[in-house]
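Quick notes on the structure that follows.
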Amino acid sequence: MELITLIGAITVFILAIFLGFELITKVPATLHTPLMSGANAISGITIVGALIFSETDFNGGNPGVAAWLAFFALILATINVIGGFAVTNRMLNMIAGKRGGK
Amino acid sequence: MDENCNSLDCALPEIGYLVASILFIMGLKKLGHPRTAPTGNLYGAMGMLVAVVVTIAQMDFGETNNFILIISGLAIGGFIGYLMAVRVQMTGMPEMVALFNGFGGAASALVAASEVFRRINENDLPEGLELYVAWTAIGLSALVGWVTLTGSLLAMMKLKGGVEIFGTWYRTPTWGPEWLNYIKGLVLISIVGLLYMTIEESGNQDYVIAIIALSSILGILFVLPIGGADMPVVVSLLNSLSGIAAAFTGFIIGNNVLIIAGSMVGAAGLILTNIMCKAMNRQLIDVLFKSFGGSDKEQVTRTKVGSDPEEVAMVCDGISKCIIIPGYGMAVSQCQHQVREFADILEANGCEVKYGIHPVAGRMPGHMNVLLAEASVPYEKLIEMDDINSEMGECDVAIVVGANDTVNPAARSGEGPLAGMPIIDADKARVVVMVKRSLSVGYAGVDNDLFYEDKTMMLFGDGKQMMTELVSSLKDL
């Protein structure tokens with residue numbers, strides 16, 4: 001990795017933190033739980049990392065510890081993503097007054 | 001990817017990730033407004049879909065079975081996640097968010113572990129700057145990820161109030177000794193030390209295992225002494241941490257979409273945590289490092305004669321303004337539908353009914369709003385604490401359903417664990433009806449003077465049963 005790439009990544013990191021602070025400043029209490037849940041689903045983006053390592057580490061058909069760890073990460077991240085968005089959607093439907101779930 | 005590639009084909013994945021990042025940013029923004037929130041969630045999901053498709057599209061599967069493997073991983077996780085999301089009861093929502101959160105943190109931590117074990121086993125150790133960046137990111141991702149996992153699991157148990165092991169119910173503690181903070185500090189310092197050691201001796205995986213073990217312990221120590229009343233703050237903070245863990249994972253694989261989404265969620269989670277702390281008039285530092293309530297619960301010595309639903313129904317007859325103040329008890333007994341039925345009858349008789357929502361009522365911000373929305377209570381009737389307090393004086397009857405600390409006047413006194421926490425001024429109403437199982441203290445462990453006031457009527461019993469009886473008594477009038 002070149003130093004310039006690292007600085008680029010750190011720049012993105014810091015700017016995104018500022019962005020996060022600005023994005024949600026005033027949120028009505030109704031939306032706190034769905035917002036937390038939705039944000040949590042977005043943090044499941046680590047699924048990309050799990051996908052990449054699942055693919056590379058299983059190459060050669062002789063999986064070691066690393067491959068199984070990545071595969072387990074893939075399952076957990078998918079639960080986080082699918083479950084997170086589904087649960088948020090359910091809550092938001094209820095708030096909107098539609099009948100959702102039991 | 002080829003370093004000197006300037007064609008569109010090479011740039012396509014990066015453009016895909018950019019689109020995903022934009023969708024995440026817009027999604028998070030829209031999630032903060034009631035009208036646009038469903039769209040926001042959809043944007044987030046679409047962003048995730050784009051990111052996953054772009055990632056898979058880049059892969060060259062060749063002769064291997066990796067494609068099947070990856071699809072099956074996605075299918076297993078997707079199936080479990082969907083099932084959990086669809087089946088969970090609304091009362092179990094905070095636990096569910098805590099659990100998903102833990103899974104997210106664990107996924108980031110496992111990705112980091114996977115990378116470090118692969119590099120050590122294949123003797124593919126990075127050098128120079130790359131070593132520092134990769135190993136620091138792996139260490140931090142492991143630290144934050146494992147803390148998030150064990151912390152979230154413990155938070156989930158604490159939200160339930162205990163854990164069942166081999167048929168025996170163990171209550172989770174809600175306090176811890178002061179010296180625990182020093183131990184936490186020591187553990188954290190050890191982890192930082194180990195992080196340095198992993199870089200010094202990059203081929204030694206023992207240090208990595210030690211980081212994983214210590215981080216897992218740290219997560220437990222971190223959440224253990226925090227009282228149940230503060231759990232929403234902790235879950236929110238852990239949510240923020242799981243975002244940070246994802247961002248560190250982004251540094252490991254050198255992918256901007258992880259860095260953007262992760263750090264954005266981290267920052268947003270911190271804001272939400274702060275909003276909750278403000279609502280409780282507490283400093284985040286106090287919540288995390290000063291034990292609260294629990295250990296020295298006041299013994300209730302006073303008694304109060306309970307009322308029956310008929311009496312309460314008679315009081316409620318012909319009133320012009322009623323304010324309902326729900327708490328965690330409403331969530332536990334699942335009586336939001338009965339509460340709404342009660343409100344409907346009152347409204348049919350020309351009474352104005354509003355709901356006073358304390359910011360930390362329940363076990364999660366907005367918990368009450370979700371429950372009442374489930375019972376189709378219109379959004380405009382849910383009034384936040386500051387606004388409802390100005391109307392409290394003209395309220396004929398305040399019905400407190402399963403709440404205690406959030407209406408405890410002791411909070412105004414400036415002493416004790418509740419000192420300074422803003423409350424809903426239920427005591428300003430002409431009559432206060434409290435639906436509660438007993439006179440026992442709330443999470444903060446403070447006795448409530450409101451119970452013993454002359455204008456207070458106690459309806460002892462399960463929320464659902466009491467509200468049902470109250471509704472039928474009202475109908476019989």
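At a glance:
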item	result
Single condition residue B:412 does not satisfy, out of (1) of a type outside the set (Val, Ile, Thr); (2) in a helix (DSSP H, G or I); (3) touching a helix residue (DSSP H, G or I) at 6+ places or on another chain (Cβ under 8 Å)	(3)
Count of residues meeting criterion [over 17 Å from residue B:398 (Cβ atoms) and either free of Cβ contacts under 8 Å to residues at least 60 places away in the same chain or in contact with a helix residue (DSSP H, G or I) (Cβ under 8 Å, 6 or more places away or on another chain) (or both)] in region B:425-441	3
Counted residues, region B:203-250 - those being among the small types (Gly, Ala, Ser) and touching a Lys or Arg at 6+ places or on another chain (Cβ under 8 Å)	1
Inter-residue pairs, beta-carbon under 8 Å, first more than 8 Å from every other protein chain (Cβ to nearest Cβ) and under 26 Å from residue B:98 (Cβ atoms) and in region B:345-371, second part of a helix (DSSP H, G or I) and basic (Lys, Arg), 6+ apart	B:355/B:381
Residues located in region A:3-43, provided they are closer than 15 Å to residue B:245 by Cα and more than 19 Å from the chain's Cα centre (by Cα)	A:10
Residue A:46 being within 7 Å of chain B (Cβ to nearest Cβ), within 22 Å of residue B:82 (Cβ to Cβ) and touching a helix residue (DSSP H, G or I) at 6+ places or on another chain (Cβ under 7 Å)	yes
Every pair of residues 6+ apart whose Cβ atoms lie under 8 Å, when the first sits in region B:89-113 and is facing chain A (nearest Cβ under 8 Å) while the second is charged (D, E, K, R) and assigned to a helix (DSSP H, G or I)	B:90/B:374
Complete set of residues in region A:11-37 that are more than 7 Å from chain B (Cβ to nearest Cβ) and part of a helix (DSSP H, G or I)	A:11, A:14, A:15, A:18, A:22
Among (1) surrounded by fewer than 24 Cβ atoms within 10 Å (Cβ to Cβ); (2) at pLDDT 80 or above, the one test that residue B:263 misses	(1)
Breaking point among (1) closer than 20 Å to residue B:233 by Cβ; (2) hydrophobic (A, V, I, L, M, F, W, C); (3) within 14 Å of chain A (Cβ to nearest Cβ); (4) not in a loop (DSSP other than H, G, I, E, B), for residue B:388	(1)
Criterion violated by residue B:316 - all others in (1) hydrophobic (A, V, I, L, M, F, W, C); (2) touching a Ser or Thr at 6+ places or on another chain (Cβ under 6 Å); (3) within 23 Å of residue B:453 (Cα to Cα) satisfied	(2)
Residue within region B:273-283 that is in contact with a Leu (Cβ under 9 Å, 6 or more places away or on another chain), of a type outside the set (D, E, K, R), at pLDDT 80 or above and within 30 Å of residue B:185 (Cα to Cα) present	yes
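The values are calculated or read from the model by the stated rules, or taken from the named source; none is laboratory data. Note that the structure is predicted; figures quoted are calculated from it, not measured. All Cβ positions, glycine included, derive from the backbone under ideal geometry; neighbour counts span all protein chains shown.
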